[in-house]
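S.K.: If you scroll down you'll find the structure; I have some questions about it.
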Amino acid sequence: MSVAENLNCVKATLKEGVELVAVSKYHPVEELQEAYDAGQRTFGESHVQEMVAKHEVLPQDIRWHFIGHLQTNKVKYMASFVSLIHSVDSLKLMKEIDKQARKVGRRIDVLLQLHVAKEETKFGFSPDEVLAMLDGEEWRAMQGIRIVGLMAMATNTDDEGQIASEFGAVKGLFDVVKSRFFAEEPSFKEISMGMSGDYMVAQEHGSTLVRIGSMIFGDRDYGKPFAV
Ligand SMILES: *Cc1c(COP(=O)(O)O)cnc(C)c1O
């Protein structure tokens, strides 16, 4: 099946109001162009250099979402164009995004990444940490960022019950954060959760953004350098 056919199959399974982020990391620009020609405008990348290179050669109306672990020293390369950063996992990173966004006269939308999976390797705030960070008022002064929701990854497991309980916990925390800190902010409305293997479960638990790669573009070839 072609990229366009895969894309249409995935889109046919999305609930109303759920936005598709086509995760194109490690795939060459020709494949992104094919998805673009089939109507896709939102793409997710997890390496800064790769996203910058693709942004330079692909149509300018693409919305680039950054979904990977982000080092503070790389924020400056994408501050001028990134449309949403899903993976904000520290106050230090928020400060840097704020600074770089103000430098280019922007306010960048971000999601706070939560750690809910039973895996040591996943980045993110714990539920307690995110509440403590928001209780501290520092973020309120950051004119260069706008917090528009939460992001999370479930444990990589076949146990659908566990995935469902993790996504359910994210939705529960989203509701708490919304009512405590963003009740007056209609822009705080996004829950980024769900990948190729678990997005149907995520949709049942209130996901508004699903990040889907391999179902659209096929397997990634990690052996190749960034294929731009
Ligand atoms: C790679 C990646 C995805 C997409 O994963 P697939 O299983 O290919 O759909 C989603 N979210 C994040 C954070 C990723 O790094």
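The values are calculated or read from the model by the stated rules, or taken from the named source; none is laboratory data. Everything quoted here is computed from the prediction, not taken from an experiment. Neighbour counts are summed over all protein chains in view; Cβ atoms, including those assigned to glycine, are modelled from backbone coordinates with ideal geometry.
S.K.: Output the qualifying pairs, or none if there are none: Cβ atoms under 6 angstrom, residues six or more apart or on different chains, first residue in region 186-204 and under 14 Å from residue 23 (Cα atoms), second residue within 14 Å of the ligand (Cβ to nearest atom) and of a type outside the set (A, V, I, L, M).
M.R.: As it stands, the answer is 192/86; 193/167; 193/207; 194/207; 195/211; 196/214, since those pairs meet every condition given.
S.K.: May I pose another question? Of the residues in region 16-39, how many are within 16 Å of the ligand (Cβ to nearest atom), more than 18 Å from the chain's Cα centre (by Cα) and surrounded by fewer than 20 Cβ atoms within 10 Å (Cβ to Cβ)?
M.R.: Residues that pass the stated criteria total 2.
S.K.: Here are the criteria: (1) within 24 Å of residue 208 (Cβ to Cβ); (2) among the hydrophobic types (A, V, I, L, M, F, W, C); (3) more than 16 Å from the ligand (Cβ to nearest atom). Tell me which single one residue 66 does not satisfy.
M.R.: (3)
S.K.: Can you say whether residue 15 is at pLDDT 95 or above, in a loop (DSSP other than H, G, I, E, B) and either closer than 12 Å to residue 217 by Cβ or aliphatic (A, V, I, L, M) (or both), as far as the supplied structure shows?
M.R.: For residue 15, the condition - at pLDDT 95 or above, in a loop (DSSP other than H, G, I, E, B) and either closer than 12 Å to residue 217 by Cβ or aliphatic (A, V, I, L, M) (or both) - is not met.
S.K.: Failed condition for residue 207, given (1) part of a helix (DSSP H, G or I); (2) surrounded by 21 or more Cβ atoms within 10 Å (Cβ to Cβ), with all others met?
M.R.: (1)
S.K.: With the checklist (1) part of a helix (DSSP H, G or I); (2) of a type outside the set (A, V, I, L, M); (3) more than 19 Å from residue 112 (Cα to Cα) in hand, flag the one item residue 99 doesn't pass.
M.R.: In the conditions (1) part of a helix (DSSP H, G or I); (2) of a type outside the set (A, V, I, L, M); (3) more than 19 Å from residue 112 (Cα to Cα), residue 99 misses (3) alone.
S.K.: Okay, moving on. Would you mind stating whether residue 48 is surrounded by fewer than 20 Cβ atoms within 10 Å (Cβ to Cβ), away from the ligand (no atom under 15 Å from the Cβ) and in contact (Cβ under 8 Å) with a residue 24 or more places away in the chain?
M.R.: Spelling it out, it is not the case that residue 48 is surrounded by fewer than 20 Cβ atoms within 10 Å (Cβ to Cβ), away from the ligand (no atom under 15 Å from the Cβ) and in contact (Cβ under 8 Å) with a residue 24 or more places away in the chain.
S.K.: Now a separate question. Within the set of pairs 6 or more residues apart or between chains, which connect a residue that is farther than 22 Å from residue 202 by Cβ and without any contact (Cβ under 8 Å) to a residue 60 or more places away in the chain inside region 18-36 to a residue that is more than 9 Å from the ligand (Cβ to nearest atom) and in a helix (DSSP H, G or I) with Cβ atoms less than 8 Å apart?
M.R.: 32/54; 34/3; 34/4
S.K.: So which pairs qualify, if the first residue must be in region 68-93 and without any contact (Cβ under 8 Å) to a residue 24 or more places away in the chain, the second must be assigned to a loop (DSSP other than H, G, I, E, B), the Cβ gap must be under 7 Å, and the two must be at least 6 apart or on different chains?
M.R.: Note: pairs meeting the criteria are 93/70.
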